[in-house]
Amino acid sequence: MKLYCKAVALALGLAGLLLLYLFVGNAAGDREGDEPPLETAEKEPRVPSGARKGGRLPPAAPFYHQTERAAAAAAAAQVSKQEPRLRLRKAAAGRGKKLAPPRRPKDQKPPTPLISSPQWMHLAVVACGDRLEETLIMLKSAVLFSNRKIKFHIFAENSLKPEFERKLQEWPPSFTKKYEYHVYPISFSVGNAQEWKKLFKPCAAQRLFLPMILKDVDSLLYVDTDVLFLRPIDDIWRFLTAFNSTQLAAMAPEHEIPKIGWYSRFARHPYYGTTGVNSGVMLMNLTRIRNAQFKNSMIPTGLTWEEMLYPLYQKYKNYITWGDQDLLNIIFYFNPECLYLFPCQWNYRPDHCMYGSNCKGAEEEGISILHGNRGVYHDDKQPTFKALFEVIRDFSFEDNLFQSMYYPLQTKFLDTVNTLCGRIPQVFLKQIERTMKKVYENRVIVNIGANFRL
Ligand SMILES: *[C@@H]1O[C@H](CO)[C@@H](O)[C@H](O)[C@H]1NC(C)=O
Ligand SMILES: *[C@@H]1O[C@H](CO)[C@@H](O)[C@H](O)[C@H]1NC(C)=O
């Protein structure tokens, strides 16, 4: 008899869970379909990304990227005193561990950090000529995956401005509230504008003038137009807070292996470190850049950034090949204590796989920021790079990330296994898979929060 009672209780309990599962499934299924995040992502320990391996990222006391999630959780808790979330977890456990294990109570604090740190992240890009579409796809990757709000500073030729504004206003409202943007004309504050414009590519030297133009901005992330974010900008932003007292900018090495590096073989000017740095992804603390005195080869007393640029350019212009990147290398050769070097997975280029895989960090944790230089999004030389570009381009904002981005990506990658970079698909997929899983989880929690408010 006792046994019988137990059985009935158990059956009732299971039925309850099943009901809850159906109910929750509807709430979450609205937008996301019912695709589980993939197995491999689930096996990853739930360490906040900032605390990962070998101190790659700063220790990062505040995990800003969790504030939205915390806000959603708190909203749900207010109405339901946390019950639904706990029950959801049980239900989730019953349907194959689709959600993460319960968070520790300290993660469920009310979202005070949201109010006390409403800082924007700033993203700058310089787009000229035919780079409009590429730039928009870069911005799209930023908006899709990031958590905190972003201000876009877009420097473009006047002819491109209307199209930028039209496209950015077309994006769906749930995304437009995550960013603000401003389109600026190309301008140079010192020296001869025509001469600056000719340096390397049209407009590329513009980035050197950001500290003077964006006087009200404390810090920003500058990227080339051919960059794609495979994880939230919030994560690279944290490097800014890891600067020591003399560092004011951060970049990745130009190469991992000096023997095949361009600077180490060909440069006729000084450059940073053993292989130089690549300026396609660059964090700048503009406040510090504006206030610093820079050592240089012209005047022993030091010069401000603005004072230094034109004389430096005059002195080296006949020796430089890659334009403003070369000037940055010269500047940090004379001021190495000012540069923070971040690892290659934050600026991953074809060079990292076309001579064999040589970016260790990417092998370990996947690519965080992809940089398709050499025009690889637009030809067929590196199909893995092109595949990522195309799936982000073709993704419509409201779709299911796994169905409409991740699965097409995997299919495309099957065709690239015989190429140099296609031999290491896990390097390309690991981080974006993790990112999608987080976006998915955030949406599930937001949906449930909304449901209980009805
Ligand atoms: C940039 O440097 C200034 C001056 O040292 C500092 O006050 C500010 O907090 C720094 N910005 C960031 C994002 O770390
Ligand atoms: C900051 O770090 C850089 C690079 O590691 C180093 O050269 C510099 O001396 C450090 N500055 C201070 C004040 O420790």
(message) At 7 Å along Cα-to-Cβ for each site, give me the label-to-label distance between residue 379 and residue 355 in nm.
(response) 1.8 nm
(message) If I take R0 = 25 Å and measure r between the Cβ atoms of residue 149 and residue 290 in this structure, what FRET efficiency does the formula 1/(1 + (r/R0)^6) give, to the nearest 0.05?
(response) 0.55
(message) If I model a spin label as a point 7 Å beyond the Cα along the Cα-Cβ vector, how far apart are those points for residue 390 and residue 363 in nm?
(response) 2.9 nm
(request) Would you kindly state how much longer the chain becomes between residue 182 and residue 169 on full extension, computed as 0.36 nm times their sequence separation minus their alpha carbon distance, in nm to one decimal? (result) 3.5 nm
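Which of the pairs 295/315; 151/215; 178/386; 197/381; 259/360 have their Cα atoms more than 19 Å apart in this structure? Intermediate values should be presented prior to the final figure.
Numbers: 295/315 15 Å; 151/215 14 Å; 178/386 27 Å; 197/381 29 Å; 259/360 17 Å.
Checking Cα-Cα distances, 178/386; 197/381 exceed 19 Å.
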(request) With a point put 7 Å past each Cα toward its Cβ, work out how far residue 403 is from residue 306 in nm, to one decimal. (result) 5.4 nm
(request) Pull out the extension gain between residue 119 and residue 337, defined as 0.36 nm times the separation in residues minus the alpha carbon to alpha carbon distance; nm, one decimal. (result) 75.8 nm
(request) List the residues whose amide H sits under 5 Å from the amide H of residue 219, counting only those 5 or more places along or on another chain, with H placed 1.01 Å from N in the peptide plane. (result) 286
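Each value in this text was obtained by applying a stated rule to the coordinates, not by laboratory testing. Because the structure is a prediction, the values reported are computed rather than measured. Every residue, glycine among them, receives a Cβ derived from its backbone with ideal geometry; neighbour counts consider all protein chains shown.
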